[in-house]
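Notes follow once the structure below has been shown.
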Amino acid sequence: MVRLITHNLLACHAKGCTSNNFPLKLQDVAIEVREAEFNPDFVRGFLPRLEWKALVQAARELGDTSLPEEMPEMVDDGFLKNLHHVLLEIHIDEGAMICPNCGHTYPISNGIPNMLLAEHEIG
Amino acid sequence: MAPQVTATVVDDDPQSYESKHVHAVYDEIAPHFSSTRYKPWPIISQFISSLPVGWVGLDSGTGNGKYLPLPLERPTDIWTIGLDRSRNLLTIAQNAGNVTRDVVWGDALGQSWREGAFDYAISIATVHHLSTPERRKLAIQRLITAVSPSRGRILVYVWAIEQDEQSKRTIPQVADQSNGGEDVFVPWVLSKNVQGKQNQNRNGKPDTAPQDTNVQEDGSTTDRADAPRIYNRYYHMFARGELAELVEGAASMLGLHVGPLSPEAPLGIEIVQDGWERSNYYVELRRWKSS
């Protein structure tokens, strides 16, 4: 599956594409929400390493507006629950991810993103 | 006689060679292969259990995803993404441990991540499927750049020439070991009747590196109507010391100091474990930043 936690880590790696290659833009996505066990310690631990703006933007593209524009200074349980939902419970089953820089398309099919490049696209 | 490991020579463009002798094979044998790969190795389990809560990692060459559910004692404390070349294995990995997993179809030589995005990376029984020293070194570089420069931890396992005494395999002696290791084909026997019995090989023993489980006890195979197919997978079997050398070369090319934390270099990587376990060599690495 592709969840937003994974989307927050992925970047374009096509030949010559080394800047402005993150975050990949979500396109024509089909999503499914599935409950996952909430572990506040995990979410709190991962939080400092998130690319916050990219996550908020991707969540809004998927219709979830529960996260604030700026990462809050005070982290409470309600916030962590929202973040858990955005990171781990929204599954992208179908669609594509487009590089904002070079326009390369990475398709997602049956929940698996295809990050392979053709030989001439490998940097 | 059971099919034997045979020496081979990489006689084609490495990418086409691996495509034919590694990727295509795993796609064909995926369900049967997966049914023989379920028990994690102790050193790998220990490594993953030692990671702090909130860490996120990459399993490069995840296969059927058997390491994705770890650590079993606190499964939601850390989170691992599986990467593999075989779409058919990923379909299995996607549900490893009966929990939905995030997996990515990609190449161990690709770098489809923000640099340093992960806290840790493991690559188990994968680098030995790359058919030139340069490509094996690049795979290590990709692991290094995937993890955090200040705290990233890495574990790599590859198959060794030096085999466990219990190993059923006879490794051909090759005169020319100038590149350090040995290039071989390892047969995988897939009989037609096994395809419907994919989950019956759970005999409770830890699985060792490449194993052709479908050969009968007496070495015979099943009857002729059910003639088994033999798939040869390419492996580079590592010589003693070769893996650490590869890591040192990869780190140097990235401008990293190799050794313990030192004020004399801004960035470095330390080999904290370098060992052999049950027919495999492994190294554990830690990245560090001195300032």
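Within segment B:1-47, which residues are touching a residue at least 40 places away in the same chain (Cβ under 8 Å), among the aliphatic types (A, V, I, L, M) and either closer than 30 Å to B:Gly97 by Cα or open to solvent by less than 60 Å² (accessible area, probe 1.4 Å) (or both)? Scanning segment B:1-47 gives B:Ala2, B:Val5, B:Ala7, B:Val10, B:Val22, B:Val25, B:Ile29, B:Ala30, B:Ile43, B:Ile44. Any chance you could count how many residues in segment A:107-123 are touching a helix residue (DSSP H, G or I) at 6+ places or on another chain (Cβ under 9 Å) and either small (Gly, Ala, Ser) or outside any strand (DSSP E or B) (or both)? Summing the residues that are touching a helix residue (DSSP H, G or I) at 6+ places or on another chain (Cβ under 9 Å) and either small (Gly, Ala, Ser) or outside any strand (DSSP E or B) (or both) in segment A:107-123 gives 2. Filtered by the rule that a residue be in contact with a strand residue (DSSP E or B) (Cβ under 9 Å, 6 or more places away or on another chain) and open to solvent by less than 60 Å² (accessible area, probe 1.4 Å), segment A:108-118 gives A:Ile108, A:Ser109, A:Gly111, A:Ile112, A:Pro113, A:Asn114, A:Met115, A:Leu116, A:Leu117. Is there a residue in segment B:143-160 that is facing chain A (nearest Cβ under 10 Å) and outside any helix (DSSP H, G or I)? Scanning segment B:143-160, I find at least one residue that is facing chain A (nearest Cβ under 10 Å) and outside any helix (DSSP H, G or I), so the answer is yes. Can you tell me which condition B:Ile122 does not meet? The list is (1) under 24 Å from B:Glu248 (Cβ atoms); (2) open to solvent by 10 Å² or more (accessible area, probe 1.4 Å), and all the others hold. Answer for B:Ile122: the failing condition is (2). Scanning segment A:1-23 for residues that are in a loop (DSSP other than H, G, I, E, B), at the interface with another protein chain (Cβ under 7 Å from one of its Cβ atoms) and closer than 19 Å to A:Gly111 by Cβ yields a total of 3. Counting residues in segment B:130-138 that are open to solvent by 20 Å² or more (accessible area, probe 1.4 Å) and either over 18 Å from the mean Cα position of the chain (by Cα) or over 25 Å from B:Trp276 (Cβ atoms) (or both) gives zero. Evaluate segment B:77-87: report whether one residue or more is surrounded by fewer than 23 Cβ atoms within 10 Å (Cβ to Cβ) and aliphatic (A, V, I, L, M). No, every residue in segment B:77-87 fails to be surrounded by fewer than 23 Cβ atoms within 10 Å (Cβ to Cβ) and aliphatic (A, V, I, L, M). Candidates A:Glu121, A:Glu89, A:Glu69: the one that is open to solvent by 60 Å² or more (accessible area, probe 1.4 Å) and of a type in the set (Asp, Glu) is A:Glu69.
Is at least one residue of segment A:97-106 open to solvent by less than 50 Å² (accessible area, probe 1.4 Å), within 14 Å of another protein chain (Cβ to nearest Cβ), touching a His at 6+ places or on another chain (Cβ under 6 Å) and outside any loop (DSSP other than H, G, I, E, B)? First the steps, then the outcome.
Just the residues of segment A:97-106 that are open to solvent by less than 50 Å² (accessible area, probe 1.4 Å), to begin with: A:97-99, A:103-104, A:106.
Checking which are within 14 Å of another protein chain (Cβ to nearest Cβ) leaves us with A:97-99, A:104, A:106.
Next, from what is left, pick out any that are touching a His at 6+ places or on another chain (Cβ under 6 Å): none.
Within segment A:97-106, none of the residues are open to solvent by less than 50 Å² (accessible area, probe 1.4 Å), within 14 Å of another protein chain (Cβ to nearest Cβ), touching a His at 6+ places or on another chain (Cβ under 6 Å) and outside any loop (DSSP other than H, G, I, E, B).
Only a single criterion out of (1) surrounded by 21 or more Cβ atoms within 10 Å (Cβ to Cβ); (2) hydrophobic (A, V, I, L, M, F, W, C); (3) in contact (Cβ under 8 Å) with a residue 60 or more places away in the chain; (4) part of a loop (DSSP other than H, G, I, E, B) is not satisfied by B:Leu51, namely (1).
Have a look at B:Arg224, B:Arg202, B:Arg286 and point out the one that is open to solvent by 60 Å² or more (accessible area, probe 1.4 Å), at pLDDT 95 or above and among the charged types (D, E, K, R).
B:Arg286
For B:Ile154, the criteria (1) of a type outside the set (Phe, Trp, Tyr); (2) surrounded by 13 or more Cβ atoms within 10 Å (Cβ to Cβ); (3) at pLDDT below 95 hold in every case but one, which is (3). When residues in segment B:240-273 are screened for being farther than 16 Å from B:Thr126 by Cα and in contact with an Asp or Glu (Cβ under 8 Å, 6 or more places away or on another chain), 9 of them pass.
Out of the residues in segment A:24-42 meeting the condition of being open to solvent by 10 Å² or more (accessible area, probe 1.4 Å) and in a loop (DSSP other than H, G, I, E, B), tell me which one is farthest from the other protein chains (Cβ to nearest Cβ). If you could, list the steps in order and put the result at the bottom.
So in segment A:24-42, the residues open to solvent by 10 Å² or more (accessible area, probe 1.4 Å) come out as A:25-41.
Right, trim to in a loop (DSSP other than H, G, I, E, B) and you get A:34-39.
Numbers: A:Arg34: 6, A:Glu35: 10, A:Ala36: 8, A:Glu37: 5, A:Phe38: 8, A:Asn39: 4 Å.
Going through the qualifying residues, I end up with A:Glu35.
Counting only residues that are within 11 Å of another protein chain (Cβ to nearest Cβ) and not in a loop (DSSP other than H, G, I, E, B), which one in segment B:90-109 is farthest from A:Glu94 (Cα to Cα)? Among those that are within 11 Å of another protein chain (Cβ to nearest Cβ) and not in a loop (DSSP other than H, G, I, E, B), it is B:Ala93. Checking each residue in segment A:48-68 for being under 16 Å from A:Asn8 (Cα atoms) and either within 14 Å of another protein chain (Cβ to nearest Cβ) or in a loop (DSSP other than H, G, I, E, B) (or both) picks out A:Pro48, A:Arg49, A:Leu50, A:Glu51, A:Trp52, A:Lys53, A:Ala54, A:Leu55, A:Ala58, A:Leu62, A:Asp64, A:Leu67.
The values are calculated or read from the model by the stated rules, or taken from the named source; none is laboratory data. These numbers come from a predicted model, not from an experiment. Here the Cβ is made from the backbone with ideal geometry for all residues, glycine too, and neighbour counts use every protein chain on show. SASA here: full protein model, heavy atoms, side chains in, ligands and nucleic acids out. Shrake-Rupley method; radii C 1.70, N 1.55, O 1.52, S 1.80 Å.
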